[in-house]
Amino acid sequence: MAADQSAKTGADIVPAPPQANTHCTAADYDRLYAQSVSDPDAFWGTQAERIDWMTPPTVISNWDYDPVDIKWFEDGVLNICHNALDRHVAAGKGDVTALIFEPDDPNSEARKLTYAELLSEVSKMANCLKAMGVKKGDRVTIYMPMIPEGAMAMLACARIGAIHSVVFGGFSPEALAGRIEDCGSRFVITADAGLRGGKTVPLKANVDAAIDEPDHETPLDGVLVVNHVGADIAMVQGRDHWYHKLAATVSNDCACEPMAAEDPLFILYTSGSTGKPKGVLHTTGGYAVWTATTFHYVFDYQPGEVFWCSADIGWVTGHSYIVYGPLLNGATEVMFEGVPNYPDFSRFWQVIEKYQVNIFYTAPTAIRALMREGDEPVKAHDRSSLRLLGTVGEPINPEAWRWYHQVVGEGRCPIVDTWWQTETGGTMITTLPAAHDMKPGSAGKPFFGIQPQLVDNEGGVLEGATDGNLCIIASWPGQARSVYGDHERFEQTYFSTYKGKYFTGDGCKRDEDGYYWITGRVDDVINVSGHRMGTAEVESALVSHAKVAEAAVVGYPHDIKGQGIYCYVTLNAGEEPSDELVAELRKHVRTEIGPIATPDHLHLTPGLPKTRSGKIMRRILRKIAENDYGSLGDTSTLADPSIVDSLIEGRLNR
Ligand code: WTA
């Protein structure tokens, strides 16, 4: 296969290097993929055997996209925490290292937890939650740094049937309050503070501030606080509990709650093109099978190997490929608290050398930022342990792909460029390491059971090598089941644009070899350093400032972040533009959402380009933000065409 394709597209193909062991050769992929789409129930019935069921499922799939009702393994009963921990211990693998914790500061003490130790800790935390009154079906908000207790908190919830809702530790008190409120969570698990790049993140203080929000309605029944850095924090009597104190009073034995396959496992908030972030809901059985299966094949994990996913548990990548996927497979993995550039730009490579990491999974934005520092920090550390590299979160430009491949992986390691989403639960499109040649910049081929379809704006199906809107036409086990508390919004967001299909929101090209190339979002979602953000969220943060009349936010190409945040803001009558006000507005967005939403450009303008009916012409704003003035299109329909010249002038001046 390699020879033919190379002949056709020349240097754009990087052959799959031979793998000593593999779970999937090219022939395996072809056979299994064919079966997975022709007889999905047979295929997924077999894959479900990766899971230890209390009652094995007899009904495999039962789904409909119109109206939307998705069920997998519906009569099966299981507990995902049992599958992640107890099962391995029972099989005699209790002494295998599960987590290797590398702290933010390289001089602080690293920790290793075996499967048996993790089971004992998780059981203790589960008993603490019970002691606080948490019951099956309750929502528990987790607002934690990247420390083992973060993973334990998720597993402890799963163990007792509570639904976890992890909120990224970089979100502000306001953003946290909204996420607590939306799912009616009465319990929070947090830490006194977190550490990132040498800076302290005041997590417990943020929780207190969130609860003190004037419009916050739900009182909290309990806050469990992990003592991580010894920060000086306030504890509310009767509500707040130090984890280490409560843990000392409970047993380390806690039975796993039997969960129906379709019982909720977690809620994870993510941004869409409109409105507030949505609480994407995942259920237990399908998600377990999906993350176990994708981890097994995509990373081709072999016993004894060390896996490292550098994501944060606050995002879906951390859920599926730090917590559930690796642990369901009994893997050994690194959990890293820090950031790539602290104390210096060789931190990632130093960690890889220290723990002899075999499989490394990170984001293109990190690769681009590290690439900019040159090859020396990489070469200063031994990377001979690396066997496989992965990327996720945004399209990777071929230049960064080649640097990752050549410099980091010494040309030896295949790269899996995994395309997926919070809503898909796990990897959907990727090459498999031993099965597929790679094309830098292309995610590759559909995973088992995934049937991508490209459609035009009217929903017409496009065949062959083409370019269109990416839909998926058949359900898969890891698919989100709903938006928490708002099933109509779920249907509306994902299944109404192209009736009967799941619409991803991404644009995509398919080439003559059937490789998929994600071109980015086609909706008002931007991807900033791999973080998904609704432009509407940033706009509403800006207009919540007393001096702002109106705001329009667009993405623009950014060398490191992939996309940057460009904000056009008009002020209320009587307000004077100034540098101080620009700084104040940027700070305001950080307070409302968090540092990840900090505007890169804040452009104060006397007006926005609007049609006569008052609609903001975002297309023009995007072009101006991109410094692309040649193709602004017809501006004569604008209510005030002269505004365009003033915007261009404002853009050129920054
Ligand atoms: C983008 C992250 C290109 C895409 C797992 C998607 C990617 C959004 C890739 C989901 C990739 C993710 N190549 N684009 N390999 N992976 N994306 O929900 O636009 O945070 O829709 O999930 O990230 O972001 P989310």
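The values are calculated or read from the model by the stated rules, or taken from the named source; none is laboratory data. Because the structure is a prediction, the values reported are computed rather than measured. Note that we place each Cβ from the backbone using ideal geometry, even for glycine, and neighbour counts take in every protein chain shown.
Listed by first and then second residue, the pairs with beta-carbon distance under 6 Å, at least 6 apart or on different chains, first residue in the stretch 477-494 and under 16 Å from Asp263 (Cα atoms), second part of a loop (DSSP other than H, G, I, E, B), are Gly478/Gly425; Gly478/Gly426; Tyr484/Cys183. Only a single criterion out of (1) touching a Gly at 6+ places or on another chain (Cβ under 7 Å); (2) in a loop (DSSP other than H, G, I, E, B) is not satisfied by Thr497, namely (1). Can you confirm whether Gly390 is within 14 Å of the ligand (Cβ to nearest atom), more than 23 Å from Asp12 (Cβ to Cβ) and surrounded by 23 or more Cβ atoms within 10 Å (Cβ to Cβ)? For Gly390, the condition - within 14 Å of the ligand (Cβ to nearest atom), more than 23 Å from Asp12 (Cβ to Cβ) and surrounded by 23 or more Cβ atoms within 10 Å (Cβ to Cβ) - is not met. Note on the stretch 490-525: residues that are within 12 Å of the ligand (Cβ to nearest atom) and of a type in the set (D, E, K, R) amount to 4.
The residue that is surrounded by the fewest Cβ atoms within 10 Å (Cβ to Cβ), counting only those in the stretch 522-577 that are in a strand (DSSP E or B) and of a type in the set (D, E, K, R), is Glu550. Looking only at the stretch 617-654, residues that are part of a loop (DSSP other than H, G, I, E, B), under 32 Å from the mean Cα position of the chain (by Cα) and not acidic (Asp, Glu) come to 2 in all.
Scanning the stretch 400-409 for residues that are of a type in the set (A, V, I, L, M, F, W, C) and within 16 Å of the ligand (Cβ to nearest atom) turns up Ala400, Trp401.
Which one is farthest from the ligand (Cβ to nearest atom) among residues in the stretch 312-331 that are touching a helix residue (DSSP H, G or I) at 6+ places or on another chain (Cβ under 8 Å) and polar (S, T, N, Q)?
Asn329
Going by what's in this entry, would Gly530 be described as near the ligand (Cβ under 9 Å from one of its atoms), out of contact with any Lys or Arg (no Cβ under 9 Å at 6 or more places or on another chain) and modelled with pLDDT under 95? Spelling it out, it is not the case that Gly530 is near the ligand (Cβ under 9 Å from one of its atoms), out of contact with any Lys or Arg (no Cβ under 9 Å at 6 or more places or on another chain) and modelled with pLDDT under 95. Listed by position, the strands (runs of 3 or more DSSP E) contained in the stretch 94-150 that have at least 1 residues being surrounded by 21 or more Cβ atoms within 10 Å (Cβ to Cβ) are 97-102, 139-143.
For the stretch 609-626, a residue qualifies if it is of a type outside the set (Asp, Glu) and either in contact with a Lys or Arg (Cβ under 8 Å, 6 or more places away or on another chain) or in contact (Cβ under 8 Å) with a residue 60 or more places away in the chain (or both), and the qualifying residues are Ile616, Met617, Arg618, Leu621, Arg622, Ile624, Ala625. Pairing residues of the stretch 496-520 that are of a type in the set (A, V, I, L, M) with residues that are outside any loop (DSSP other than H, G, I, E, B) and within 12 Å of the ligand (Cβ to nearest atom), at Cβ distances under 6 Å and at least 6 apart in sequence or on separate chains, gives Ile518/Trp419; Ile518/Asp506; Ile518/Cys508. Residue-level analysis places Thr570 among those that are closer than 30 Å to Gly530 by Cα and in contact with a Ser or Thr (Cβ under 8 Å, 6 or more places away or on another chain). Among residues that are closer than 23 Å to Leu176 by Cα, away from the ligand (no atom under 12 Å from the Cβ) and among the acidic types (Asp, Glu), Glu262 is not included.
Across the stretch 335-366, the qualifying residues are those that are under 27 Å from Ser172 (Cα atoms), surrounded by fewer than 23 Cβ atoms within 10 Å (Cβ to Cβ) and of a type in the set (A, V, I, L, M), and the one among them that is nearest to the ligand (Cβ to nearest atom) is Ala366.
Taken over the stretch 464-480, the criterion of being within 16 Å of the ligand (Cβ to nearest atom) and either outside any loop (DSSP other than H, G, I, E, B) or not aromatic (Phe, Trp, Tyr) (or both) is satisfied by Asp467, Gly468, Asn469, Leu470, Cys471, Ile472, Gly478, Gln479, Ala480.
All of (1) surrounded by fewer than 22 Cβ atoms within 10 Å (Cβ to Cβ); (2) modelled with pLDDT of 95 or more; (3) within 16 Å of the ligand (Cβ to nearest atom); (4) not acidic (Asp, Glu) hold for Asn397 with one exception: (2).
Tell me, which helices (runs of 4 or more DSSP H) lie completely within the stretch 271-385 with 1 or more residues that are in contact with a Lys or Arg (Cβ under 8 Å, 6 or more places away or on another chain)? Talk me through it step by step, then tell me what you get.
Numbers: elements: 284-298, 325-328, 347-355, 364-371, 376-379.
The helices (runs of 4 or more DSSP H) meeting that bar are 284-298, 325-328, 347-355, 364-371.
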